[in-house]
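Heads up: the structure comes next, in structure tokens.
The values are calculated or read from the model by the stated rules, or taken from the named source; none is laboratory data. Small disclaimer: the values here were computed from a predicted structure and weren't measured. Every residue, glycine as well, gets a Cβ built from its backbone with ideal geometry; the counts of neighbours run over all protein chains shown.
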Amino acid sequence: MLDLVLLEAHAAELRSLLATPDGAEAAAYLLLGRAEIGSDPWSGRRRHRMVSHRAVPVPEEDKVSASGLHVTWSTRSFVRLLKAAEEQGLTLAIVHTHPGSHAFFSDQDDANERDLLRIVGNRSGAGHGFASVVLGGDGSVCARRWTAPATAEPCERVAVVGRGIRLHGLAGGDGDPLLDRQARLFGPTFNGLVRALKVGVVGCGGTGSPTALLLARLGIGHVLLVDDDVVELTNLNRVHGSRRTDVEGRVPKVEVLRREIEAAGLGVEVTTFKGWVGDAAARDALRSCDVVFGCTDDHDGRLFLNRLAYFYGIPVIDMGLRIMPARDGRPYEMAGRVTLAGPGAPCLMCRGLVDPRRAMEEALRRTDPAAYEARKAEAYVLGGGDPAPAVVTFTTETACMAVNELLQALTGFRGDGGMRTGRQRRFDAVEDRATTCTPRAGCEVCAGTGLWGRGDVLPFLYRAG
């Protein structure tokens with residue numbers, strides 16, 4: 001299995017680089033990060049995902065000729081970039097346009113790219129290859145990867161991802177009568193689109209449980225549930241689908257939601273992981289997702305998802321609530337927020353939504369409980385304090401806000417521009433407002449583009465531990 005994630009910023013850069021006043025074809029390069037997925041959690045098959053990391057123009061001195069039907073350039077820059085890609089653990093791709101048509105690979109493309117593969121084999125040896133991307137004049141995209149012995153593996157689909165989400169290479173629309181009413185709103189191709197999506201939900205409590213069930217009712221084809229907790233008595237007021245017998249049986253939250261989704265018979269494939277989101281055993285599943293909803297109050301988990309979003313081009317729609325009771329003349333404070341993390345958006349650290357000290361303490365508690373308790377006894381640990389108030393209507397409304405951002409990314413029902421990078425709803429004041437910030441100078445995640453689409457690295461996400 002092979003697919004490509006093309007970041008919106010890179011797609012826009014490529015189309016700008018390759019625009020020609022006379023409608024001639026044009027070419028550029030793209031360096032791609034890699035995600036080597038040992039087992040896709042839904043199919044069990046090996047999977048290779050490519051993620052756009054950096055666009056590179058063809059040097060002017062290498063350009064030979066171009067027309068509405070062809071583009072030719074010297075291979076000197078190709079060989080130089082091939083060496084650089086191999087040294088950095090990246091894949092080199094050539095990109096060219098078909099300005100007057102949809103994206104497809106022509107017979108001439110086949111012949112030219114086989115010649116390039118011979119150059120790769122002569123320089124790097126058997127087993128090395130490169131990728132090829134075509135941008136159609138109608139906005140379509142197709143891609144493939146060449147490997148020895150002279151075979152091209154097509155991408156099953158290309159996802160153009162940022163504040164919007166566009167999938168190329170899908171089959172026709174889904175005529176399932178179960179989803180007919182939403183197709184009447186969003187069009188005949190919408191249901192096929194949501195059936196193709198692979199969506200993760202990290203945290204299956206007050207916001208995560210309604211998020212998972214809303215996604216299932218939308219017909220999302222593949223859902224991943226991640227949580228390390230079991231149902232407790234105090235969860236029953238807000239964890240959708242939970243029962244008192246689940247408390248008595250100490251049933252994991254992920255299994256409660258799996259049971260409810262599968263019992264509904266909606267055709268959703270559900271896979272679960274009971275554990276911490278950053279565990280090595282969860283990485284294949286997370287890297288297989290198209291979108292992840294962050295529904296956890298775990299600072300270290302949020303920090304992990306924050307980096308995942310930028311390294312793999314997987315939008316993370318993070319949510320949280322701040323609910324404070326009225327006390328001593330102070331009014332109620334009730335607010336839910338939804339925040340987008342990913343290339344082109346300020347990261348969760350720059351927004352002040354992750355407390356690095358709390359993240360460090362949570363990591364210590366998870367990896368060395370004895371050391372954590374010792375530090376807590378010495379007052380080096382902040383401590384959990386009293387449980388925060390939680391009301392099912394507010395947690396569910398926040399989940400609805402988050403899922404509606406996904407719908408905006410897929411359909412643009414609010415207009416152009418895609419998802420908001422930040423949205424806050426005051427339940428007490430009955431008001432919504434957009435929120436944003438400027439990345440902190442020097443933030444390696446969002447102030448620059450060096451980690452965008454970097455893919456697999458050692459250590460994972462350049463995190464220690």
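Just a few scattered comments:
- Within the stretch 243-269, considering residues that are of a type in the set (A, V, I, L, M) and over 25 Å from L233 (Cα atoms), the one surrounded by the most Cβ atoms within 10 Å (Cβ to Cβ): V268
- Test: residue in the stretch 183-191 that is buried (at least 20 other Cβ atoms within 10 Å of the Cβ), of a type in the set (S, T, N, Q) and under 28 Å from A9 (Cα atoms): yes
- If you filter the stretch 52-87 down to residues that are among the polar types (S, T, N, Q) and surrounded by 14 or more Cβ atoms within 10 Å (Cβ to Cβ), you find that the one that is nearest to A143 (Cα to Cα) is S52.
Residue-by-condition table, conditions (1) of a type in the set (D, E, K, R); (2) closer than 18 Å to L348 by Cβ; (3) surrounded by 12 or more Cβ atoms within 10 Å (Cβ to Cβ):
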{"site": "V403", "(1), (2), (3)": "no, no, yes"}
{"site": "T411", "(1), (2), (3)": "no, no, yes"}
{"site": "R426", "(1), (2), (3)": "yes, no, yes"}
{"site": "C437", "(1), (2), (3)": "no, yes, yes"}
{"site": "V457", "(1), (2), (3)": "no, no, yes"}
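- Residue that is nearest to V141 (Cα to Cα), among those in the stretch 11-47 that are of a type in the set (S, T, Y) and either in contact with a helix residue (DSSP H, G or I) (Cβ under 7 Å, 6 or more places away or on another chain) or crowded, with 17+ Cβ neighbours inside 10 Å (or both): Y29
- Selection count where residues are surrounded by 20 or more Cβ atoms within 10 Å (Cβ to Cβ) and under 17 Å from G129 (Cα atoms), scope the stretch 148-168: 1
- Count of the stretch 5-27 residues, restricted to those that are within 14 Å of P99 (Cβ to Cβ) and in contact (Cβ under 8 Å) with a residue 60 or more places away in the chain, is 9.
- Residues that are without any contact (Cβ under 8 Å) to a residue 60 or more places away in the chain and touching a strand residue (DSSP E or B) at 6+ places or on another chain (Cβ under 9 Å), drawn from the stretch 410-449: A429, E431, D432, R433, A434
- Scope the stretch 164-216; condition out of contact with any His (no Cβ under 7 Å at 6 or more places or on another chain), among the hydroxyl-bearing types (S, T, Y) and closer than 30 Å to R322 by Cα; matching residues: T207, T211
- Whichever residue in the stretch 419-434 is in a loop (DSSP other than H, G, I, E, B) and over 24 Å from the mean Cα position of the chain (by Cα) and, among such residues, is modelled with the highest pLDDT: F427
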